[in-house]
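The values are calculated or read from the model by the stated rules, or taken from the named source; none is laboratory data. Note that the structure is predicted; figures quoted are calculated from it, not measured. Cβ placement follows ideal geometry from the backbone for every residue including glycine, while neighbour counts extend to all protein chains displayed. Side chains are part of the model used for accessible areas, which takes the heavy atoms of the whole protein and leaves out ligands, DNA and RNA. Shrake-Rupley method; radii C 1.70, N 1.55, O 1.52, S 1.80 Å.
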There are 2 protein chains.
Amino acid sequence: METAELVSTGNELLSGRTVNRHARLLGSRLGDLGIRLVRDTTVGDDLSSIVEAVRSALDRSGMVFVSGGLGPTPDDLTRDALAALLGRRLVTDPVSLQRIRERYEAFNRRLTSSAERQACIIQGAAVLQNPVGVAPGQRIEVDRGVIFVLPGPPAEFESMLDEHILPWLSARSGAEAARTPPGIFMVCGVGESDIVARLEPRGFPPEGIDVAFCAAPGRVEIRLSGSGGTASLQAAAQVIREELGEAIFAEERISMEACLAGLLSDPPATVATAESCTGGLIGHRITSVAGSSRYYVGGIVAYANEAKIKLLGVRAEDLNRYGAVSEPVARQMAEGVRSRFDAEFGLSTTGIAGPDGGTVEKPVGTVFIGLADREHAWVRSFRFPGSRPNVKEWTCQMSLDLLRRRLLGLLAEDPSADRGGAER
Amino acid sequence: METAELVSTGNELLSGRTVNRHARLLGSRLGDLGIRLVRDTTVGDDLSSIVEAVRSALDRSGMVFVSGGLGPTPDDLTRDALAALLGRRLVTDPVSLQRIRERYEAFNRRLTSSAERQACIIQGAAVLQNPVGVAPGQRIEVDRGVIFVLPGPPAEFESMLDEHILPWLSARSGAEAARTPPGIFMVCGVGESDIVARLEPRGFPPEGIDVAFCAAPGRVEIRLSGSGGTASLQAAAQVIREELGEAIFAEERISMEACLAGLLSDPPATVATAESCTGGLIGHRITSVAGSSRYYVGGIVAYANEAKIKLLGVRAEDLNRYGAVSEPVARQMAEGVRSRFDAEFGLSTTGIAGPDGGTVEKPVGTVFIGLADREHAWVRSFRFPGSRPNVKEWTCQMSLDLLRRRLLGLLAEDPSADRGGAER
């Protein structure tokens, strides 16, 4: 697989001011073309660091992207660094200079000599006009490969990549474009080490297949790639499907709430939420999907016990007898919110997010999740690990997963036969 | 100035899956201690790349942070890479192993040998217990300096940095710790370029003072540091206070919801939320603060219009006449939720988060925010920029800020005299 490297320049990327988003964008776009981004080296606005970083990158990869340091101020040093490294002169590109002049005039800004520096390019470079900003990019072909120079501002970086560089790379690779797409599996409710323990006895990963895991609370993404060819990839994918089955909620990189958006639209169904320990997170995540108003009618955040009684119809005697974090309360919350909003489904959470409030019997992380439809209600209990935000994220993810399983017909129709959630 | 480097490991950082946020966080925190982060090298899960990247970093800087690759799966290679680089053995840390065992038992998960690998550390390393997750971190002192090894998940990286590494670095620097603490200003409701435009005429930043900005929806963090001495820093801080005044919600790095936690406890007051376009985000953010059950009683996510009428008492005729995204509806939502929860304050949001639903009169980003106390109600209108998540974040932040201003007595008592939010 062809490899590429990125050298990101800019003090702001290292001082705590800005997150460097270039590597993610570039890695994703290059991956689509079958090119693998293998390194991002972020350095400050320092001439010798830039020279050294680009030189090392060229030693390792035949394709190097350099971002930032093309502006008009004295700390914009990428042009000088590349001229020094390659032993080439800087020349003024007349088309870029004209564009800079016109642009400054249009905004009534004074054209200074430092602004004109932005029209300087490495001798022999192909100029990549900037669709968004002022400074042009460059494509420099060198003995060992090619260097692409792009501006640092994300909008300029992205549009130059999309409009100039990716089309050039696609045209160059020609027939190669018909590569195997990688396999993605989004898994809920099985931990990373459990997944490995299930797959390893099946001789996983097979020869020539790379597997990568990326875990977040209640979710593991498995990504297959490699040079083993379509047949190996499909065989590996089949092992994952057999071992993880219904724990796989998607075979593309989407969130659980995006997965639910599809399930809730065919046949159309509505859902309402009754949140205690998640405090509104479930509603927030459901409504992060555009168009969610078609199936999400709303919810009640019943943080105080009085709200559970008054707004959801939870029985006060059950609250007293079993406590707010209990199976009967989770059930009544789900049933109550479903009927109050007249929705097909009611989803509820009640638990101890911590760091305080835990007891010996119900330690921090104890959570009950309820789901009601028009006829039945299911409740699962969990003990989630980690800090307060972690418990909230886990609870949210597993409650959405409970709804997913119901929509797919994976729950026992008789809830008393449901095996519950304690298997976690 | 002492320098440090970061080596971030993980295929997910280069494949387009994840943005690497470690460099920003680390650069910011180290900057507070007078240490400059000069390079971040991001490499994939590849043994020889990790070895080479850490070796080069050690050649240049006496302090190297390595993140990621400490989990249980076969692509977690950081331990092996460091053992190879340093020529030291991997040994099992009994305390970490015990913690891993207990954790797996508590959650009824099977302890596999791959899970146990997480207890392996470099011989001679100091173990840094993980406050959030499983894998411990390490501090490894070597001839040329010190290597810190941290887990990749951002919450684990951050808490290990804050709880173990920064205190150690502070203690080590000893007398140096008596350096001037940097000035932090958290600002809400004024944009980055407006802040610059207000400060520049005051000769800002003064000689010897560095200023860094970090912007998020509805929030700008300003950070002062530098070698100019206490007097210069205080003078610079004074300029910021004079120019930004009540837009400063904290002079330490805390969130708006943490700021509200303090204001709502003295004198004690309760708040309830009625969310439409934010979908539960406000409740989620308020309840992300431990102990928020003392002042947050709950809320209603009234996504559908029927919910606004039935659960919040919004008048149907006003919904028809003015639309759901309107001043009267925001006001009635705030009043309705306050009275239904019998809280001191009711906070409401209604708006068009996009990407669909905008009109010429009310384009995407149009939002009304309402606040009711027992006597008055205030409504502010905004037009927020950006995508759906951005509009939700802006709305949430500005609604919490409206409550902050009320709690500080900054709102006109007669709401009709309030200048509203249209100045944005």
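Here the strands (runs of 3 or more DSSP E) wholly within region A:325-396 that include at least 2 residues being surrounded by fewer than 20 Cβ atoms within 10 Å (Cβ to Cβ) are A:377-383. Taking the conditions exactly as written (more than 8 Å from chain B (Cβ to nearest Cβ), assigned to a strand (DSSP E or B) and not aromatic (F, W, Y)), does A:S232 satisfy them or not? The answer is no for A:S232. Within region A:191-203, restricting attention to residues that are open to solvent by 20 Å² or more (accessible area, probe 1.4 Å) and within 12 Å of chain B (Cβ to nearest Cβ), the residue that is nearest to A:L281 (Cα to Cα) is A:E192. Please indicate, with yes or no, whether at least one residue in region A:82-104 is touching a strand residue (DSSP E or B) at 6+ places or on another chain (Cβ under 8 Å), of a type in the set (S, T, N, Q) and under 24 Å from A:L26 (Cα atoms). No, there is no match, as no residue in region A:82-104 is touching a strand residue (DSSP E or B) at 6+ places or on another chain (Cβ under 8 Å), of a type in the set (S, T, N, Q) and under 24 Å from A:L26 (Cα atoms).
Total residues in region A:120-139 satisfying the condition of being loosely packed, with under 14 Cβ neighbours inside 10 Å and under 14 Å from A:L70 (Cα atoms): the figure is 1. If you filter region A:166-185 down to residues that are within 21 Å of A:A231 (Cα to Cα) and open to solvent by less than 40 Å² (accessible area, probe 1.4 Å), you find that the one that is modelled with the highest pLDDT is A:F185. Taking the stated definitions as given, is B:V66 within 9 Å of chain A (Cβ to nearest Cβ), touching a strand residue (DSSP E or B) at 6+ places or on another chain (Cβ under 9 Å) and open to solvent by less than 10 Å² (accessible area, probe 1.4 Å)? No. Inspect all residues belonging to region A:13-21 and state whether any of them is open to solvent by less than 70 Å² (accessible area, probe 1.4 Å), in a helix (DSSP H, G or I) and within 14 Å of chain B (Cβ to nearest Cβ). Within region A:13-21 (the criterion being open to solvent by less than 70 Å² (accessible area, probe 1.4 Å), in a helix (DSSP H, G or I) and within 14 Å of chain B (Cβ to nearest Cβ)), the answer is yes, since at least one residue qualifies.
The criterion of at least 2 residues that are in contact (Cβ under 8 Å) with a residue 40 or more places away in the chain and at the interface with chain A (Cβ under 8 Å from one of its Cβ atoms) is met by the following helices (runs of 4 or more DSSP H) wholly inside region B:244-312: B:281-286. Might you let me know whether region B:216-227 holds any residue that is of a type in the set (S, T, N, Q), assigned to a helix (DSSP H, G or I) and over 23 Å from the mean Cα position of the chain (by Cα)? No.
Table: residues versus (1) open to solvent by less than 20 Å² (accessible area, probe 1.4 Å); (2) among the hydrophobic types (A, V, I, L, M, F, W, C); (3) under 21 Å from B:A269 (Cβ atoms).
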position	(1), (2), (3)
A:G298	yes, no, no
A:Y303	no, no, yes
A:I309	no, yes, no
A:L312	yes, yes, no
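Evaluation of A:R338 against the conditions (1) in contact with a helix residue (DSSP H, G or I) (Cβ under 8 Å, 6 or more places away or on another chain); (2) more than 10 Å from every other protein chain (Cβ to nearest Cβ) shows that the sole unmet condition is (1). The set of residues in region B:101-119 that are more than 8 Å from chain A (Cβ to nearest Cβ), of a type in the set (A, V, I, L, M, F, W, C) and either touching a Cys at 6+ places or on another chain (Cβ under 7 Å) or open to solvent by less than 20 Å² (accessible area, probe 1.4 Å) (or both) contains only B:A119.
Annotation: A:R79 fulfils all but one of (1) basic (K, R); (2) within 12 Å of chain B (Cβ to nearest Cβ); (3) in contact (Cβ under 8 Å) with a residue 40 or more places away in the chain; (4) open to solvent by less than 60 Å² (accessible area, probe 1.4 Å); the unmet one is (2).
Per-residue answers, yes or no, for (1) small (G, A, S); (2) at positive phi; (3) touching a helix residue (DSSP H, G or I) at 6+ places or on another chain (Cβ under 9 Å):
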residue	(1), (2), (3)
B:T270	no, no, yes
B:R285	no, no, yes
B:S288	yes, no, yes
B:N320	no, no, no
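Given the criteria within 22 Å of A:I165 (Cα to Cα), surrounded by fewer than 18 Cβ atoms within 10 Å (Cβ to Cβ) and touching a helix residue (DSSP H, G or I) at 6+ places or on another chain (Cβ under 8 Å), does A:V95 qualify? No.
Of all residue pairs spaced 6 or more apart or on separate chains, none has beta-carbon atoms under 7 Å together with a first member in region A:377-390 that is more than 7 Å from every other protein chain (Cβ to nearest Cβ) and a second member that is modelled with pLDDT under 95 and in a strand (DSSP E or B).
Each residue in region A:250-281 was checked for being within 23 Å of A:F384 (Cα to Cα) and more than 18 Å from the chain's Cα centre (by Cα), and 8 pass. Filtering region B:29-60 to residues that are in a loop (DSSP other than H, G, I, E, B), more than 8 Å from chain A (Cβ to nearest Cβ) and either buried (at least 21 other Cβ atoms within 10 Å of the Cβ) or aliphatic (A, V, I, L, M) (or both) leaves only B:L33. Applying a threshold of 7 Å to beta carbon distances and a minimum spacing of six or more residues, or different chains, the list of pairs starting in region B:394-417 at a residue that is at pLDDT below 95 and ending at one that is outside any loop (DSSP other than H, G, I, E, B) and among the basic types (K, R) reads B:L411/B:R405.
Selection over region B:2-12 of residues that are hydroxyl-bearing (S, T, Y) and either open to solvent by 20 Å² or more (accessible area, probe 1.4 Å) or closer than 25 Å to B:G226 by Cβ (or both) gives a count of 1. Taken over region A:364-376, the residue count meeting the criterion of being within 13 Å of chain B (Cβ to nearest Cβ) and touching a helix residue (DSSP H, G or I) at 6+ places or on another chain (Cβ under 8 Å) is 3.
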